[in-house]
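This is the structure I want to talk about, given as structure tokens.
The values are calculated or read from the model by the stated rules, or taken from the named source; none is laboratory data. Note that the structure is predicted; figures quoted are calculated from it, not measured. Note: ideal-geometry Cβ built from the backbone for every residue, glycine included; neighbour counts use all protein chains shown. Just so you know, the surface numbers come from the protein's heavy atoms only, side chains and all, with ligands and any DNA or RNA stripped out. Shrake-Rupley method; radii C 1.70, N 1.55, O 1.52, S 1.80 Å.
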Amino acid sequence: GHSEPKGFAGYDWGAVWLGVRKRMNRIVNHRAFFAAISLLSLYVLFGDDIRLSGFSRGDDYVFNTITITALVFFTVECIITSIAVDDYVFSFFFCLDIISTVSLVLDLTFVWEYLVSADMSSDGTGGASVAHSEYARASRS
């Protein structure tokens with residue numbers, strides 16, 4: 001008997017890829033994954049407002065940690081969904097997910113403070129930027 005030739009390194013890469021896609025699809029559709037994405041989405045919507053209105057600067061590290069966790073989780077979700085779901089890559093929802101994930105970087109206090117300080121130094125006047133920044137943090141000590 002003559003057996004069919006296998007692909008590179010003796011693997012049927014089509015079958016391997018199909019198995020990977022099925023696993024990724026199970027992950028994306030798992031209840032725990034959905035719950036984590038949902039909770040992080042709620043945090044992303046309201047976390048920065050809650051941080052500004054009810055917490056001191058000393059608590060920023062907690063919010064930064066949660067935001068970085070959300071960034072990592074949403075990035076992994078985009079990668080897994082790109083593998084698992086046909087026609088997701090470059091779709092409307094893909095673009096929406098990428099834009100919203102990248103925009104989370106601005107919720108990191110150290111990034112925002114760097115951008116505001118860079119704006120003040122390049123502005124020349126800096127007055128409006130300082131006033132806006134100070135207003136946002138007026139109640140925080």
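Among the trypsin sites (Lys or Arg not before Pro) within region 5-112, which fall in a DSSP loop and have no more than 11 other Cβ atoms within 10 Å of their own Cβ?
Those satisfying the criteria are 6.
On to the next question. Not counting ligands, DNA or RNA, and with a 1.4 Å probe, what is residue 114's accessible surface area in Å² rounded to the nearest 10?
150
Using a/c under 1.5 as the rounded threshold, could you call region 13-119 rounded, prolate or oblate? The axes a ≥ b ≥ c are square roots of the C-alpha gyration tensor eigenvalues, and prolate needs a/b larger than b/c, oblate otherwise.
Cα axes put region 13-119 in the prolate bin.
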